Amino acid sequence: MPSFARAERIALCDTAVSLGPAAPTLCEGWQVKDLLVHLLVRERRPWAAAGIVLPPLAPVLRKAEAAYAVQPLEALAARLRDPKGTPFALGPIEKAVNTVEFFVHHEDLRRAQPSWEPRTLPAAAERDLWRTLKLLGKGLVRSAGTPVVVSNGTDTSTLRAGEEPVTVTGPVGELLLFCFGRHQVRGLTFDGPAERITQLENASLGF
């Protein structure tokens, strides 16, 4: 069985092709094709993945983006489906690096469409996403301006310590997307002082 990261990679590509290159995404200013170009550059130019590119390398990055941008969407999706020749062809690396990346960006495609509905995720995927949320969460909510606790209904994790926190409860995938700054989420409840809930809901979350 493929890992959830590999399954999401393939599903993202299938969704992209079904939507077409000019369909909207939740990534501001990006259409479907732009998102696939981003993912390919990130994968084929790992030094650019963090978003910090030294000036001497900027032309290399622009050249790679331009080379992908002129290709048809189907060709980009075919290349992204198969990470052969990259470190992500190795299962443990794919799982560690791409579980969240492909889940979030797949939802960026799905939830930008008017008919989207939340998915029921496999239990193993929810466990992986919960572990990642606890690991990355402090960075994701650093700009929240209020203490934040997240709960999946069974476990809780304090992402930003302090008195009178806002506790956000709901499915793991929805919690993760909310902490990544996506507002197209469902099934979340917010408990805490009203003014702090408003502050959290209006905060610019994510990296």
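The values are calculated or read from the model by the stated rules, or taken from the named source; none is laboratory data. Because the structure is predicted, anything quoted here is derived from the model rather than measured. Heads up, the Cβs are rebuilt from the backbone with ideal geometry, glycines too, and the neighbour counts pull from every protein chain shown.
Out of curiosity, is Asp155 surrounded by fewer than 12 Cβ atoms within 10 Å (Cβ to Cβ), farther than 27 Å from Leu109 by Cα and not β-branched (Val, Ile, Thr)?
Working: surrounded by fewer than 12 Cβ atoms within 10 Å (Cβ to Cβ): yes; farther than 27 Å from Leu109 by Cα: yes; not β-branched (Val, Ile, Thr): yes.
When the stated conditions are applied, Asp155 passes them.
Taking first residues from region 2-26 that are closer than 16 Å to Ala89 by Cβ and partners that are at pLDDT below 95 and among the basic types (Lys, Arg), the Cβ contacts under 9 Å between residues at least 6 apart in sequence or on separate chains come to Ser3/Lys95; Ala5/Lys95; Arg6/Lys95.
The residue list Gly153, Gly145, Gly139 contains one member that is assigned to a helix (DSSP H, G or I) and not polar (S, T, N, Q), which is Gly139. The residue that is farthest from Val104 (Cα to Cα), among those in region 195-207 that are free of Cβ contacts under 8 Å to residues at least 40 places away in the same chain and not hydroxyl-bearing (Ser, Thr, Tyr), is Glu195. When Pro193, Pro171 are checked against the criterion of being over 17 Å from Ala5 (Cβ atoms), under 16 Å from the mean Cα position of the chain (by Cα) and modelled with pLDDT of 95 or more, a single residue qualifies: Pro171.
Listed conditions (1) touching a strand residue (DSSP E or B) at 6+ places or on another chain (Cβ under 6 Å); (2) within 28 Å of Ala77 (Cβ to Cβ); (3) of a type in the set (D, E, K, R) are all met by Asp108, apart from (1).
Looking only at region 111-130, how many residues end up being aromatic (Phe, Trp, Tyr) and surrounded by fewer than 17 Cβ atoms within 10 Å (Cβ to Cβ)? Let's see the steps before the verdict.
Step one: of region 111-130, the residues aromatic (Phe, Trp, Tyr) are 116, 130.
Filter again for surrounded by fewer than 17 Cβ atoms within 10 Å (Cβ to Cβ), leaving 116.
Adding up the residues that qualify gives 1.
Just one of the listed residues (Leu57, Leu135, Leu90, Leu80) is at pLDDT 95 or above and either out of contact with any His (no Cβ under 9 Å at 6 or more places or on another chain) or closer than 19 Å to Cys27 by Cβ (or both), namely Leu80.
One line per residue, one yes/no per condition, for (1) in contact with a Gly (Cβ under 7 Å, 6 or more places away or on another chain); (2) of a type in the set (D, E, K, R); (3) in contact (Cβ under 8 Å) with a residue 60 or more places away in the chain; (4) crowded, with 19+ Cβ neighbours inside 10 Å:
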site	(1), (2), (3), (4)
Leu140	yes, no, yes, yes
Val168	no, no, no, yes
Phe178	no, no, no, yes
Pro193	no, no, no, no
